[in-house]
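The numbers here are math on the coordinates, done by the rules we state, and not lab data. This structure is a prediction, so every number in the text was calculated from the model and none was measured. Every residue, glycine among them, receives a Cβ derived from its backbone with ideal geometry; neighbour counts consider all protein chains shown.
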Amino acid sequence: MTIIAFSHHAQGRIAQRGLSPHEVQLIRDYGESRQAGEGARKFALSRHSVRELREDFSDLSRRRLDLLRRAYVVATDDVVVTAAFANRPLFN
């Protein structure tokens with residue numbers, strides 16, 4: 001797990017959305033990614049990545065995993081730019 005930095009904007013959005021920096025790190029580490037433009041990538045959990053996450057972190061509740069499944073993170077290689085929620089999971 002590579003430790004990442006958070007932009008000032010990302011810190012505010014993470015707090016607004018009730019996510020922890022650890023959860024954002026998990027989405028980035030376990031999630032699948034797609035191009036988001038300007039060198040950034042969008043990370044989100046797929047069904048497969050949720051299964052892996054559940055195996056590695058059995059203490060995460062199903063309710064929290066369902067919430068994280070709708071969350072996505074936009075990041076460059078070393079900085080999280082923002083985090084948000086989609087109406088439904090982005091990746092199957």
So what is the relative contact order for the range 5-85, in percent, with contacts set as C-alpha pairs under 8 Å and at least six apart? 39 percent
Formal net charge of residues neighbouring D78 (Cβ-Cβ distance under 15 Å; K, R +1; D, E -1): -1
³J(HN,Hα), Karplus 6.51/-1.76/1.60, whole Hz, each residue of the range 57-71, x for Gly, Pro: 10, 5, 7, 6, 6, 4, 4, 5, 4, 4, 5, 5, 5, 8, 7
Sites matching GluC sites (Glu not before Pro) across the range 1-88 that sit in DSSP coil, with at most 10 neighbouring C-beta atoms within 10 Å: E38
Tell me, what does the Kirkwood hydrodynamic radius of the range 39-92 come to in angstroms if you use every pair of distinct C-alpha atoms? 11.7 Å
Computed on Cα atoms, the radius of gyration and Dmax of the range 5-85 in angstrom are 11.9, 36
Under the classification rounded if a/c is under 1.5, otherwise prolate if a/b is larger than b/c and oblate if not, where does the range 1-51 fall, given a ≥ b ≥ c as square roots of the Cα gyration tensor eigenvalues? oblate
When only DSSP loop residues count, what chymotrypsin sites (Phe, Trp or Tyr not before Pro) in the range 29-92 have their Cβ near at most 15 other Cβ atoms within 10 Å? F57
Given +1 on the Cβ of Lys and Arg, -1 on the Cβ of Asp and Glu, and no further charges, what dipole in debye does the chain carry about its Cα centre, rounded to the nearest 20? 520 debye
A correct Karplus calculation of ³J(HN,Hα) over the range 25-40, with 6.51 cos²θ - 1.76 cosθ + 1.60, θ = phi - 60°, whole Hz and x for Gly and Pro, returns 4, 5, 4, 5, 6, 9, x, 8, 10, 9, 4, 10, x, 6, x, 9
Relative to a virtual label point 7 Å from the Cα of H48 in the Cα→beta-carbon direction, which members of the range 55-92 show backbone nitrogen distances below 17 Å? 55-56, 90-92
